[in-house]
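Below is one structure, written out as structure tokens, with a few remarks after it.
The values are calculated or read from the model by the stated rules, or taken from the named source; none is laboratory data. Note that the structure is a prediction, hence the values are computed from the model and not measured. Please note: Cβ atoms are built from the backbone with ideal geometry, for glycine as well, and neighbour counts cover all protein chains shown.
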Amino acid sequence: MNKKLSKISKGVLLSLGLVMTSQASAEGNLDVKTSTANLTIGLYATLTGLDNFQMTKINGSPTYTGGDLFSLATNGAVRVTATTVALSGTTVVPSLTIDSGTNVVDTASNVVTSSNYQLDASANLSGINELAAGNYSSLITLTVSAI
Amino acid sequence: MNRGIHVASKILLTVLVACSLSLISATQAGEFSVSPMLIHVDEKSGRKPEFSFTIKAKSAGAVIFEIYKLKQLHSGHMEFLPLEDGDEGLVKWITLETDGANLKKGEKRIIRGQLNIPSRTKGSHLAAIMVKEESRVSTDSLAITVRYAIVIDLKLATQRGRLTGSLTNLKIEQREEGNYVTADFSNLSKLPGELESRVDIRNDNGRLIERVNLVTESAQQRAMNKSRVFPETTVGIIGLINSPIRSGTLHLSANNRLGKKLLQRKKVEIVFNNKASGLAAEYKLPKVIISQTDQNLSKNKFTVHNPYNKTIKLRFPKSTRNKSETYSFRPRQITLNPGGDHEIELSQHWNDGEISPKVFLIDLALDSKWHEVELHTVFKND
């Protein structure tokens, strides 16, 4: 009798468990977890191809000019600013342009770009009468920045 | 002996070649790429967040790292300045694990740093880490050096404060290339903000002549319609006026928004003189000869000419019908190529009284600037 009872109760318990499980399945009560993966790519820039250069005199003019080509690769908005100081031993500061514009060039935002630009320098020596013959040097600095 | 001389000259030749090679390599720039160029740090005061940046050498060379402060110029551009004694703020909170590096071609190096943010600090702060090649000196040419300014933008969680600013010196400037609305804008708050500025130009009758957007020169170069203005900084903003403007009293009304904050409207009244200047001052329209008729009507044709080596536009007044007179020009607007001619018809009717000579103000566009020139109607005997 006891054996019968224990078999019956086991069967009842098992049935109850099956019913609960099937009910739970029917209701879709499954534990679901999600996670989000983020990726941030930093702004980079690289400027290459520039070498020292000399300015040469334009025939019939007191102006000296020179220039060089450079490449700028970036994956967003950067600004390149060209600045310089006076030629050694003088008060003559060469004028700088990039791509015949101003001394500043900007790249587009949210775009990967690799472009060539022309850096030019010019110095007008009209009115400068007392410069001795010889070589004069200066330093051009190109600053690459995000703002 | 001969063998000794031979060896010595070989050694000398080797040294000479080595020297010339080193001179050649010294004129070429060491080339690097740097990432990231902008480091955003959102933190609380009293913390010590770490950061890093990567340098990759495209060619071998030595770089040095220096901390620079930033200053916004009147044009809106940022200027990077070396530190001076007494400088405080973010520039003093930055420490780097090294102040330079020697890199081989293709080598990648990660440089680490830390911000030591003092407690009870507020606001938004900027500084730059300048990555630059060791200076190369040239005695006979323009030496080039490239430097990368890694900007650190620190925003402290405890920052409070409202954006506020003021607009001053609102006026119209007449330049060779055109007429511009200009003004100065000061960000009076301790936070940077994006400025949107718009000026309505109205004549004395309240008619809107043009709505002009003003931006800094820096924003203009980036083709942006908003200007970033850093804390406690004054920048110049400017906008081109495309429409012709009559001489007379003009009413300028400036609407400004800094971030989300709408600022108080600024109004000024100015007396504007658009008389032709420069090359345009030499332009002469022919005199139109009118004669008396029974019906007080005069219909005349005259030819306008372009004496310049660039295209010009001429715009004649709108047809007018009032108590005393009626007049119209046909066509009202023309574009003349260099050396070109065009015939214009002027019809006039005097409603009450006799016909009389008149001076019309005609708009002349030379390059992108509009000027006023006079067209005189005269009697035959004048």
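Structure notes:
- Taking region B:261-275 as the range and being exposed (fewer than 13 other Cβ atoms within 10 Å of the Cβ), touching a strand residue (DSSP E or B) at 6+ places or on another chain (Cβ under 7 Å) and part of a loop (DSSP other than H, G, I, E, B) as the test, only B:265 passes.
- Given (1) modelled with pLDDT of 60 or more; (2) more than 30 Å from residue B:141 (Cα to Cα), index of the condition residue B:33 fails: (2)
- All positions within region B:339-382 that are surrounded by fewer than 19 Cβ atoms within 10 Å (Cβ to Cβ), more than 21 Å from residue B:322 (Cβ to Cβ) and in contact with a Ser or Thr (Cβ under 8 Å, 6 or more places away or on another chain): B:341, B:342, B:343, B:372, B:379, B:380
- Qualifying positions in region A:77-106 - of a type in the set (Gly, Ala, Ser) and touching a residue at least 40 places away in the same chain (Cβ under 8 Å): A:77, A:82, A:86, A:88, A:89
- Some residue of region B:122-140 being at pLDDT below 85, crowded, with 18+ Cβ neighbours inside 10 Å and more than 13 Å from every other protein chain (Cβ to nearest Cβ): yes
- Cβ separations smaller than 6 Å between residues 6+ apart or across chains give the following pairs from region A:35-48 residues that are facing another protein chain (nearest Cβ under 7 Å) and free of Cβ contacts under 8 Å to residues at least 12 places away in the same chain to residues that are in a strand (DSSP E or B) and surrounded by 10 or more Cβ atoms within 10 Å (Cβ to Cβ): A:42/B:35.
- Meets criteria (touching a strand residue (DSSP E or B) at 6+ places or on another chain (Cβ under 6 Å) and of a type in the set (S, T, N, Q)) for residue B:322: no
- From the list B:204, B:200, the one residue that fits, being of a type outside the set (Phe, Trp, Tyr), in a loop (DSSP other than H, G, I, E, B) and within 24 Å of residue B:371 (Cα to Cα), is B:204.
- Among (1) in contact with an Asp or Glu (Cβ under 8 Å, 6 or more places away or on another chain); (2) touching a residue at least 40 places away in the same chain (Cβ under 8 Å); (3) under 28 Å from residue B:219 (Cα atoms); (4) facing another protein chain (nearest Cβ under 8 Å) - the single one residue A:66 does not satisfy: (3)
- Residue ID - modelled with the highest pLDDT, chosen from residues in region A:109-130 that are of a type in the set (A, V, I, L, M, F, W, C) and within 18 Å of residue A:60 (Cβ to Cβ): A:123
- The residues of region B:232-255 that are under 18 Å from residue B:208 (Cα atoms) and assigned to a strand (DSSP E or B), listed by number, are B:239, B:240, B:241, B:248, B:249, B:250, B:251, B:252, B:253, B:254, B:255.
- Inside region B:311-331, residues that are more than 37 Å from the chain's Cα centre (by Cα) and outside any loop (DSSP other than H, G, I, E, B) make up a count of 8.
- For region B:173-191, a tally of residues being at pLDDT 90 or above and closer than 30 Å to residue B:121 by Cβ returns 5.
- Filtered residues of region B:93-134 (kept if of a type in the set (Gly, Ala, Ser), part of a strand (DSSP E or B) and over 26 Å from residue B:31 (Cβ atoms)): B:124
- Whichever residue in region B:276-310 is among the polar types (S, T, N, Q) and part of a strand (DSSP E or B) and, among such residues, is surrounded by the fewest Cβ atoms within 10 Å (Cβ to Cβ): B:303
- Residues of region B:196-205 that turn out to be in contact (Cβ under 8 Å) with a residue 40 or more places away in the chain and over 28 Å from residue B:260 (Cα atoms), as a count: 2
- Counting residues in region A:132-146 that are over 23 Å from residue B:150 (Cα atoms), at pLDDT 85 or above and facing chain B (nearest Cβ under 7 Å) gives one or more.
- Test: residue in region B:234-241 that is buried (at least 17 other Cβ atoms within 10 Å of the Cβ), under 19 Å from the mean Cα position of the chain (by Cα) and either farther than 23 Å from residue A:106 by Cα or at pLDDT below 90 (or both): yes
- Candidate set: region B:332-366, residues that are outside any strand (DSSP E or B) and in contact with a Phe, Trp or Tyr (Cβ under 8 Å, 6 or more places away or on another chain); chosen: the one modelled with the lowest pLDDT: B:356
- Residue in region B:161-170 that is more than 13 Å from chain A (Cβ to nearest Cβ), of a type in the set (D, E, K, R) and either under 28 Å from residue B:271 (Cα atoms) or assigned to a strand (DSSP E or B) (or both) present: no
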